[in-house]
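For reference, the structure is listed below as structure tokens.
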Amino acid sequence: MTAARTSGRDGPLTGVRVVELAGIGPGPFAAMLLADLGADVVRVDRPGGSALAIDPAYDLTNRNKRSVVVDLKSADGPAAVLDLAERADILIEGYRPGVAERLGVGPEACRARNPRLVYGRMTGWGQHGPLAERAGHDIAYIAPTGTLGLIGRPEEPPAVPANLVGDYAGGSLYLVVGVLAALHHARATGAGQVVDAAIVDGASHLATMIHGMLAAGGWQDRRGANLLDGGCPYYGTYETADGKHMAVGALEQQFYDEFLAVLGLTDHADARKDVTRWGELREAVAARFKSRTRDEWTALFEDTDACVAPVLSLREAPHHPHLAARGTFTDHAGITQPAPAPRFSATPTEVRTGPARPGSGTRDVARDWDVPRLLGEDEQHQQHEQHEQHEQDERYEQDGVPGPRP
């Protein structure tokens, strides 16, 4: 058991070793998810850190990890990473195509040392194509996929969904699915492989159902004109008397009927399927919601199946009664944060450690992974002696030799 394993609630990926070559955005989040699920994730930070990095004490995407600092441009930097890759199950990198190869830690070099290695590559544009080497961020990646263009009101520019659709949904989650599927294959066959996870691919894939609806004539190729994009008056958000908002998702007939009953708008029951009356229905619903505060409407809808919920802020969310009861958020080291997800009945997970500070895990990783190259010469010698003493102690215990050891 490594130094990072102390809680007894380590998750289903306990024993899986992951090397993360430090980057920003989807790579760190993917590695955090693997770490949350119990993997021993070693983040290889670069000297000086990243230009966009926040204070390491608050970088929650580095929780449950350990960090070493390696200068890949130094003479022995690539060798240290190759030593880690030799002992790993998965490696994740988020450089532009060809950069890892130029640094000496590309797929061929790593898998020459470890044929079972799953090498995960996280980029916006992918490893090939006309834009593969072009810079970009979440919003530029999701723009050409059609996913950005379908979000927002028709009379306004597309709404920016933070970096959730591209970086994390289309990027991180697809990378995690990919490397775990490849790990399953590697354990069955002994052969690792390269996983090319591109945000443009994942974000496009997220819209599969909508493409089917488009082909069937059930979706208009414009914003705010459809069932799930705010075009429908009983699937959207409404402002309340105090300037806050309620979210409505009363799609099915029984939910719609209950929704109208709470609002006192049962005379609009026939407007559900009559698109010509949607404007009239929207105005009536909007006027009703403006008559009470968000908390008043929350109380009125609380015990119904009308599919209506308050729109909460990030600071309000942890106090929602349902989320609080489930422990959806947790406090660790004074920081309120989302708890690991999903839940497992036999191998529960938790936030075991706070954000890894750059280089803070060097000695432990060098020992646990048996990579002395991570240390300076004096520390290498000291750790070598400690390792030899530990092995000698184990031999004496196995042989049952009593008395003091030499």
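Yes or no: segment 246-262 includes at least one residue that is over 26 Å from Gln220 (Cβ atoms), of a type in the set (A, V, I, L, M) and outside any helix (DSSP H, G or I).
No, because not a single residue in segment 246-262 is over 26 Å from Gln220 (Cβ atoms), of a type in the set (A, V, I, L, M) and outside any helix (DSSP H, G or I).
Consider Ala51 carefully, then state whether it is at pLDDT 95 or above and closer than 19 Å to Met122 by Cα.
no
Quick check: is even one residue across segment 247-267 open to solvent by 70 Å² or more (accessible area, probe 1.4 Å), under 29 Å from Phe329 (Cα atoms), under 32 Å from the mean Cα position of the chain (by Cα) and at pLDDT 95 or above?
Among the residues of segment 247-267, not one is open to solvent by 70 Å² or more (accessible area, probe 1.4 Å), under 29 Å from Phe329 (Cα atoms), under 32 Å from the mean Cα position of the chain (by Cα) and at pLDDT 95 or above, which makes the answer no.
If you take the residues of segment 145-174 that are small (Gly, Ala, Ser), more than 22 Å from Ile24 (Cα to Cα) and touching a residue at least 24 places away in the same chain (Cβ under 8 Å), which of them is surrounded by the most Cβ atoms within 10 Å (Cβ to Cβ)?
The qualifying residue surrounded by the most Cβ atoms within 10 Å (Cβ to Cβ) is Gly152.
For the structure I just gave you, tell me whether Pro144 is more than 17 Å from the chain's Cα centre (by Cα), farther than 29 Å from Glu108 by Cβ and outside any helix (DSSP H, G or I).
Against the criterion (more than 17 Å from the chain's Cα centre (by Cα), farther than 29 Å from Glu108 by Cβ and outside any helix (DSSP H, G or I)), Pro144 does not qualify.
Spot the failing condition for Pro233; the list is (1) open to solvent by 10 Å² or more (accessible area, probe 1.4 Å); (2) assigned to a loop (DSSP other than H, G, I, E, B); (3) within 23 Å of Leu150 (Cβ to Cβ); (4) not β-branched (Val, Ile, Thr), and only one is missed.
Every listed condition holds for Pro233 apart from (1).
Against the condition among the charged types (D, E, K, R), over 24 Å from Leu33 (Cα atoms), open to solvent by 10 Å² or more (accessible area, probe 1.4 Å) and at pLDDT 95 or above, how does Glu86 come out, does it pass?
Judged against the criteria, Glu86 is not a match.
Residues Thr330, Thr304: which one is of a type in the set (Val, Ile, Thr) and in a loop (DSSP other than H, G, I, E, B)?
Thr304 is the lone residue from the list that is of a type in the set (Val, Ile, Thr) and in a loop (DSSP other than H, G, I, E, B).
Here's the yes/no breakdown for (1) in contact with a Lys or Arg (Cβ under 7 Å, 6 or more places away or on another chain); (2) outside any loop (DSSP other than H, G, I, E, B):
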| residue | (1), (2) |
| --- | --- |
| Gly48 | no, no |
| Ile54 | no, no |
| Val81 | no, yes |
| Ala85 | yes, yes |
| Gly104 | no, no |
| Glu108 | no, yes |
| Gln127 | yes, no |
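How many residues does segment 268-280 hold that are open to solvent by less than 80 Å² (accessible area, probe 1.4 Å) and either within 12 Å of Tyr235 (Cα to Cα) or not in a helix (DSSP H, G or I) (or both)?
3
Filter segment 98-127 down to the residues that are touching a strand residue (DSSP E or B) at 6+ places or on another chain (Cβ under 8 Å) and open to solvent by 20 Å² or more (accessible area, probe 1.4 Å), then identify the one that is nearest to Pro78 (Cα to Cα).
Among those that are touching a strand residue (DSSP E or B) at 6+ places or on another chain (Cβ under 8 Å) and open to solvent by 20 Å² or more (accessible area, probe 1.4 Å), it is Arg111.
Suppose we keep only residues that are among the hydrophobic types (A, V, I, L, M, F, W, C) and in a loop (DSSP other than H, G, I, E, B) within segment 205-230. Which one would you say is most open to solvent (accessible area, probe 1.4 Å)? Let's see the steps before the verdict.
Taking segment 205-230 and keeping what is among the hydrophobic types (A, V, I, L, M, F, W, C), we get 206-207, 209-210, 213-216, 219, 225, 227-228.
Still in the running and in a loop (DSSP other than H, G, I, E, B): 207, 216, 219, 225, 227-228.
Working: Ala207: 10, Ala216: 89, Trp219: 22, Ala225: 22, Leu227: 71, Leu228: 66 Å².
Out of the qualifying residues, it is Ala216.
Could you identify the single residue in Val194, Val200, Val177 that is under 30 Å from Arg111 (Cα atoms), open to solvent by 60 Å² or more (accessible area, probe 1.4 Å), β-branched (Val, Ile, Thr) and assigned to a helix (DSSP H, G or I)?
Val177
Arg277: among the basic types (Lys, Arg) and out of contact with any helix residue (DSSP H, G or I) (no Cβ under 6 Å at 6 or more places or on another chain), yes or no?
no
Can you name the number of the only condition in (1) out of contact with any His (no Cβ under 6 Å at 6 or more places or on another chain); (2) crowded, with 16+ Cβ neighbours inside 10 Å that Ala241 fails?
Single failed check for Ala241: (2).
The values are calculated or read from the model by the stated rules, or taken from the named source; none is laboratory data. These figures come from a predicted structure and were not determined experimentally. Counting neighbours? That spans all protein chains shown, and the Cβs are built from the backbone with ideal geometry, glycine included. Surface accessibility is based on the protein's heavy atoms, side chains included, excluding ligands, DNA and RNA. Shrake-Rupley method; radii C 1.70, N 1.55, O 1.52, S 1.80 Å.
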